[in-house]
Amino acid sequence: MVPHEDSRDDDGLPALESVRARIARAARVAGRDPSEIELIAISKTQPVDAILALAAQGQASFGENRVQEAQAKWPALRDAVPGLRLHHVGQLQSNKADDAVALFDAIHGVDRPSLVTALARAMERAGRRPDCFIQVNIGEEPQKGGCAIADVPSLLAEVRAAGLPLAGLMAVPPADTEAAPYFALLAKIARDHGLAGLSMGMSGDYETAVMLGATHVRVGTALFGARLG
């Protein structure tokens with residue numbers, strides 16, 4: 001396979017090195033340990049050689065948002081590079097729960113009771129238990145997935161009753177607005193419910209997310225360049 005040319009930042013640093021350095025700097029500003037933050041390279045629509053190029057530099061966590069695309073790419077990738085960790089990001093259809101549980105190590109889009117039920121049944125059948133993040137519609141946008149802020153307590157209760165491995169909360173702030181208030185709100189909701197995990201922050205705002213408590217940042221463009229589809 002032809003090696004993928006490494007993406008680089010404006011200073012000529014390899015993209016992965018640059019993103020890791022920025023995460024570490026933001027963590028130090030916030031008085032945090034950078035090792036507490038998991039960088040998820042969002043590899044949806046990216047070719048296998050681009051993923052392998054990052055894996056060769058030591059990147060272990062990747063994210064996909066389509067089960068079918070992940071099924072086509074990831075069994076071979078995991079054979080080639082054992083130990084990779086795969087996250088499902090975005091919306092997950094309930095009828096894909098079995099496939100998602102079989103393939104992913106974490107699911108970041110748990111947002112409704114029907115999906116909780118489907119995932120619980122799938123985990124029981126598979127004997128496999130991916131981490132689960134409740135997705136919150138933090139900006140109350142009708143076009144976005146995620147449970148309403150007011151529904152977080154009831155959905156949390158359902159997740160806990162179903163015995164899903166609850167990792168924390170996930171959210172995507174509204175586009176073209178200052179993300180910090182939304183990150184701060186998600187962090188407050190998590191604290192109020194005794195949750196440690198915060199999946200928040202993408203290519204344009206991951207440093208802000210880290211300073212406000214993110215434990216998982218989902219970075220695509222800053223690592224791979226523009227999406228291919």
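Some notes on this structure:
- Computed lengthening from Ala161 to Gln57, 0.36 nm per intervening residue step minus Cα-Cα distance: 33.4 nm
- Subtracting the Cα-Cα distance of Ala180 and Gln143 from their residue separation scaled by 0.36 nm leaves 11.2 nm.
- Candidates Gly204, Gly31, Gly146: whichever shows maximal mean-square fluctuation once the chain is modelled as a Gaussian network with Cα springs under 10 Å: Gly31
- Of Asp79, Asp176, Asp131, the residue with the greatest mean-square motion in the GNM of the chain, using alpha carbon springs below 10 Å, is Asp176.
- Sparsely packed GluC sites (Glu not before Pro) within segment 11-68, loop by DSSP, other Cβ within 10 Å at most 15: none
- Element breakdown for the chain at a 1.4 angstrom probe: carbon and sulfur atoms account for 51% of the accessible area.
- Considering only the Cα atoms of segment 141-207, their convex hull presents on average a projected area of 5.0 nm².
- In the full protein context, segment 34-219 carries 41 Å² of accessible surface per residue, based on a 1.4 Å probe and ignoring ligands, DNA and RNA.
- Calculated mean residue ellipticity at 222 nm for the chain: -12000 deg cm²/dmol, from DSSP H runs with n ≥ 4 weighted as -39500 (n - 2.57), summed, divided by the residue count and rounded to 500.
- Counting only trypsin sites (Lys or Arg not before Pro) that DSSP places in a loop and that have at most 14 other Cβ atoms within 10 Å, the longest clean stretch of the chain runs over 1-127.
The values are calculated or read from the model by the stated rules, or taken from the named source; none is laboratory data. Remember, it's a predicted structure, so these values are computed and weren't measured experimentally. Positions of Cβ are backbone-derived with ideal geometry, glycine not excepted, and every protein chain shown enters the neighbour counts. Surface accessibility is based on the protein's heavy atoms, side chains included, excluding ligands, DNA and RNA. Shrake-Rupley method; radii C 1.70, N 1.55, O 1.52, S 1.80 Å.
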